[in-house]
1. How many residues are closer than 20 Å to Leu217 by Cα and of a type outside the set (Lys, Arg) if we restrict to region 81-110?
2. Only one of Leu34, Leu66, Leu40, Leu26 is more than 11 Å from the chain's Cα centre (by Cα) and surrounded by 23 or more Cβ atoms within 10 Å (Cβ to Cβ); which?
3. Scanning for something within 20 Å of Gly81 (Cβ to Cβ), of a type in the set (A, V, I, L, M, F, W, C) and in contact with a Gly (Cβ under 6 Å, 6 or more places away or on another chain), does region 140-156 turn up at least one residue?
4. Need a quick list: strands (runs of 3 or more DSSP E) entirely within region 110-228 having at least 1 residues that are open to solvent by 70 Å² or more (accessible area, probe 1.4 Å) and hydrophobic (A, V, I, L, M, F, W, C).
Amino acid sequence: MPGPVPTPPRAEAVPGTAEPGADPGLPAVPPRYLDRVRALLRAKPRRLLGLAGPPGAGKSTLAQALQQAFAEVAQVVPMDGYHLANAELARLGRAARKGAPDTFDGAGYAALLQRLRRQPPDEIVYAPDFRRELEEPVAGAIPVFAQTRLVITEGNYLLLDSGPWAGIAALLDEVWWVDVDDALRQGRLRRRHEQFGRSPEDAAAWVSGTDEPNARLIAATRPRATLEFRWGEA
């Protein structure tokens, strides 16, 4: 999830230099990936970088770490802001599958990315966020200023090639696959579900019955990624 709402980026910003007061709890992004982002930013005034991978891979953590490394020019816009509301999931009979591709407004997400690619210089584009404490999306929570040079968007289905997701990858300059050990990823998911109110038994059942079927679907999209990201690389 994105950090605090930023002020508009300053023109004199130096990409890849974290500001004083940076969050010490975030891991440092390996240098070769920072260099990759710097090279991207040299080519165009605005770049859209996607981070894809299964639930629990650490996409949000990487997005926050990249935003911190490029604090003056970057903003995170998560795909999770396009979760359908719980009331709509209940109406559709999909509440037990929350997190599956058809429990998001994929077309709305694609429309946002299109707006961000052609944002006029005098416009602020507002994106939704997903608040885990509410388990609901919140509209208009993230301002993206026209001066923002790097938009980082992360989510499960950026590389899916069906339905409204099929055009997403083409709207992004690069999509990185966030790679992590499955046992570590599943443990993170169980702890996350427990943190937000599920019992250990319910958390384990949700991971095996909902998260993991989605993870298998997402894993099939891995070959479409621009590169694979792994923590700990030089």
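1. Initial filter on region 81-110 (closer than 20 Å to Leu217 by Cα): 82-84, 94-107, 109-110.
Now restrict to residues that are of a type outside the set (Lys, Arg): 82-84, 95-96, 99-107, 109-110.
Result for region 81-110: 16.
2. Details: Leu34 fails: surrounded by 23 or more Cβ atoms within 10 Å (Cβ to Cβ); Leu40 fails: surrounded by 23 or more Cβ atoms within 10 Å (Cβ to Cβ); Leu26 fails: surrounded by 23 or more Cβ atoms within 10 Å (Cβ to Cβ).
Result: Leu66 is the single residue among Leu34, Leu66, Leu40, Leu26 that is more than 11 Å from the chain's Cα centre (by Cα) and surrounded by 23 or more Cβ atoms within 10 Å (Cβ to Cβ).
3. No, the conditions are met nowhere in region 140-156.
4. Values: elements: 125-131, 136-144, 150-155, 174-178.
So the answer is 136-144.
The values are calculated or read from the model by the stated rules, or taken from the named source; none is laboratory data. These numbers were taken from a predicted model, which means no experiment stands behind them. Cβ coordinates were reconstructed from backbone atoms using ideal geometry, including for glycine residues, and neighbour counts include every protein chain displayed. Heavy atoms of the whole protein, side chains included, go into the accessibility calculation; ligands, DNA and RNA do not. Shrake-Rupley method; radii C 1.70, N 1.55, O 1.52, S 1.80 Å.
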